[in-house]
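The values are calculated or read from the model by the stated rules, or taken from the named source; none is laboratory data. The model shown is predicted, which means the values in this text are computed figures rather than measured ones. Glycine gets a Cβ as well: all are built from the backbone with ideal geometry, and neighbour counts include every protein chain shown. Side chains are part of the model used for accessible areas, which takes the heavy atoms of the whole protein and leaves out ligands, DNA and RNA. Shrake-Rupley method; radii C 1.70, N 1.55, O 1.52, S 1.80 Å.
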Amino acid sequence: MSDKLIIFDTTLRDGEQSPGASMTRDEKVRIAKALERMRVDVIEAGFPVASPGDFEAVQAVANAVKDSRVCGLARALDKDIDRAGEALRGANAARIHTFIATSPIHMKMKLRMEPDQVVEQAVKAVKRARQYTDDVEFSPEDAGRSEIDFLCRVIEAVIDAGARTVNIPDTVGYNLPHQFGALIRTLLERVPNAGKAVFSVHCHNDLGLAVANSLSAVLNGARQVECTINGLGERAGNAALEEIVMAVRTRPDIFTCHVDLDATQIVPCSRLVSGITGFAVQPNKAIVGANAFAHESGIHQDGVLKSRETYEIMRAQDVGWTANRMVLGKHSGRNAFRTRLQELDISFDSEEELNAAFARFKDLADKKHEIYDEDLQALVTEANLAAENEHIKLVYSKVCSETGEMPNAVVTLWINGAEKQGAAQGDGPVDAVFKAIESIVNSGTQLTLYSVNNITSGTDSQGEVTVRMEKGGRIVNGQGADTDIVIASAKAYINALNKIITPAERAHPQL
Ligand code: KIV
Ligand code: ZN
């Protein structure tokens, strides 16, 4: 039996540190449940001390997730560790991840501490975290630029203090694969008590090497990889979970370890994260990009038709791509609807929620005759979004757009119980509808992102719109889906407005 490679997902923590990728507590829970369905081993849910909103999100994830271990990040400070311990109290399996920088530049310029003080603080932090859980992870931040003798000293000390995972971050994405692999090998050979801990890696993608560096580390003995869905993360991002998992799965001839994930959940999870954060996936992105399995050249198509393996090293369905299969139509009944949702692992908390989703399905089937799995997933997202829209709802919208004339829009909104109407002209129909909404709400927000994606192929596909808006340093994302992209845009705008007027859960995920 080969070793297990532990997959530690940090989409909800490091991923959220991408500027603009902030998520609400409920969105974090939705992503955490999707990661749990994928059977991710450890979910880093956030940085509890960062803000009350972060604390609540970690707490909510800890309470909602049953099968994956839930982790909270903490600097090597008592107040951080206590806050993480508290947030994780409801978890079935909890981990505290504590860190302090060990590179000369970070110790001198950022921490203004002597190396001896850093060792002392690291040991103290691990011991304190052990009072909350046996599962403590320690990271020497900026390990990729730390001096090897000092790194060995810190690591030996934290393992003695009770750390059971030692994570080696290439915080600034500076390392090259052969060098990073050698670093892991050296640590495993030189740290006398290395056998008592799992060695992990956490690579950033500043030079586009996060996945290569992580895999090189695995080949040299690392048995946990920290990664994110779609490679989301601080600056250029983190190692992409989907690439790590599929590299290990696809090359058992090279890797002497295995991953226990359900890879068919990769594409749905990638879509969920991209929709919630508004970070679109580039079409040529490995594994989860729209073109990752599309063959354009005639020679390739001919080869694949004769034998798939001529040009494909993985099967699209193994990572969760479905063939846009028509599953339901306007004549499908409630039972067929419920059965297909069950097959897609989608469940509802109550019969009323199922009934409401079925009513929305019937509406959609009237407009769009062929309903695909992706449409069903979007329906469920819509239900979650509708629940978020507590203060403002779209009642009615009419948009006129004709050659040579400025488009104009009329909208009626329900605002905290009262209906209000507004009208405006705009450069285009979407601009007009946003201005009409603003003529009513006058939100004072700034729109910083607008993106549309089709959910399935064909011009009758639903459009999925993401908008990002900012007000007073607070950033939120809103989503909406509809067969009419102007209506989808209005829904996304209203979803973002609902979030921005809800009391701030956090100013920014980072301290
Ligand atoms: O990049 C980094 O060093 C981190 C640590 C907190 C592990 O995110
Ligand atoms: Zn990081």
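Just a few scattered comments:
- Each residue was assigned an accessible area with a 1.4 Å probe, and for T186 the value is about 40 Å².
- 20 Å Cα-Cα threshold exceeded, pairs from K367/K398; K66/K127; K28/K285: K66/K127; K28/K285
- Among the GluC sites (Glu not before Pro) in the stretch 285-382, those placed in a DSSP loop whose Cβ has at most 13 other Cβ atoms within 10 Å are E296.
- Take H391: with every protein chain present and a 1.4 Å probe, its accessible area is about 50 Å².
- Share of carbon and sulfur in the accessible area of the chain stands at 50%, probe radius 1.4 Å.
- With the whole protein complex present, F293 retains an accessible surface near 40 Å², based on a 1.4 Å probe.
- With R₀ set to 35 Å, the beta-carbon distance separating E405 from R89 gives a calculated FRET efficiency near 0.05.
- Amide proton proximity set for V198, modelled H, under 5 Å, gap of 5+: T165, V166
- Estimated translational diffusion coefficient (Stokes-Einstein, Kirkwood radius over Cα pairs, 4 °C, 1.567 mPa s) of the stretch 216-336: 78 µm² per second.
- Check: the stretch 334-385 dipole with +1 on Lys, Arg Cβ and -1 on Asp, Glu Cβ, in debye: 220
- Amide hydrogen proximity for E141: with H placed 1.01 Å from N in the peptide plane, the residues at 5 or more positions away or on another chain lying under 5 Å are I100, A101, T102.
- Accessible surface ranking that places the most exposed of L379, L77 first, with a 1.4 angstrom probe: L77, L379
- Sparse-neighbourhood loop sites, trypsin sites (Lys or Arg not before Pro) in the stretch 132-168 - DSSP loop, at most 10 other Cβ within 10 angstrom: none
- In the stretch 269-318, trypsin sites (Lys or Arg not before Pro) in a DSSP loop with at most 12 other beta-carbon atoms within 10 Å: R315
- For q = 0.10, 0.16 Å⁻¹, Debye-computed log10 I/I(0) when each Cα of the stretch 3-277 counts as one equal scatterer: -0.44, -1.24
- DSSP beta bridges confined to the chain are antiparallel in about 50 percent of cases.
- Secondary-structure-derived ellipticity at 222 nm for the chain, considering helices only, amounts to -12000 deg cm²/dmol, per-run term -39500 (n - 2.57) for DSSP H runs with n ≥ 4.
- Candidate aspartates and glutamates for bridging to K4, where Cα separation is under 13 Å - those fewer than 8 sequence places away on the same chain excluded: D41, D260
- 11 Å beta-carbon shell around A280, net charge (K/R +1, D/E -1): +1
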